[in-house]
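Written below as structure tokens is the structure these notes are about.
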Amino acid sequence: MSRLENDTMNSFTNRHCTRFWARYCVWNGSEAELQSLLEQLNAYHLSISFTLEIRGEQIAFLDLWIALPSQKNVLRVLFDVYRKNTLTGT
């Protein structure tokens, strides 16, 4: 994955919109520019498919809630345990 990420980000013309990238991305550009990045990532190889989820300042990633509130134009990273709602019993 690191090769794909490096190749894509090095050739992406709007990479200045990416404030943070670590298998998830904090985006600071337009939705059209984000869609362009998604298309470029999905064009890298036929067997790799990326998806997009827009959630504002927080997102569930694996078993974490990751929040990125901005204070005085500086991103803070906050983590919490994420537990998916499940149906138990009948």
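Observations on the model:
- The stretch 75-90, subset of a type in the set (Lys, Arg) and over 17 Å from the mean Cα position of the chain (by Cα), residue surrounded by the most Cβ atoms within 10 Å (Cβ to Cβ): ARG83
- When the stretch 10-31 is filtered for residues that are over 20 Å from PRO69 (Cβ atoms), modelled with pLDDT of 70 or more and surrounded by 12 or more Cβ atoms within 10 Å (Cβ to Cβ), only PHE12 remains.
- Every residue from the stretch 32-48 that is outside any helix (DSSP H, G or I) and either surrounded by 10 or more Cβ atoms within 10 Å (Cβ to Cβ) or within 12 Å of the chain's Cα centre (by Cα) (or both): ALA43, TYR44, ILE48
- Looking across the stretch 49-80, just one residue is at pLDDT below 85, assigned to a loop (DSSP other than H, G, I, E, B) and of a type in the set (Gly, Ala, Ser), and that is GLY56.
- Total residues in the stretch 56-74, condition surrounded by fewer than 14 Cβ atoms within 10 Å (Cβ to Cβ) and either within 26 Å of ASP7 (Cα to Cα) or in contact with a helix residue (DSSP H, G or I) (Cβ under 9 Å, 6 or more places away or on another chain) (or both): 1
The values are calculated or read from the model by the stated rules, or taken from the named source; none is laboratory data. What you are looking at is a predicted structure, and each value in this text was computed from that prediction instead of being measured. Cβ atoms come from the backbone with ideal geometry, glycine included; neighbour counts cover every protein chain shown.
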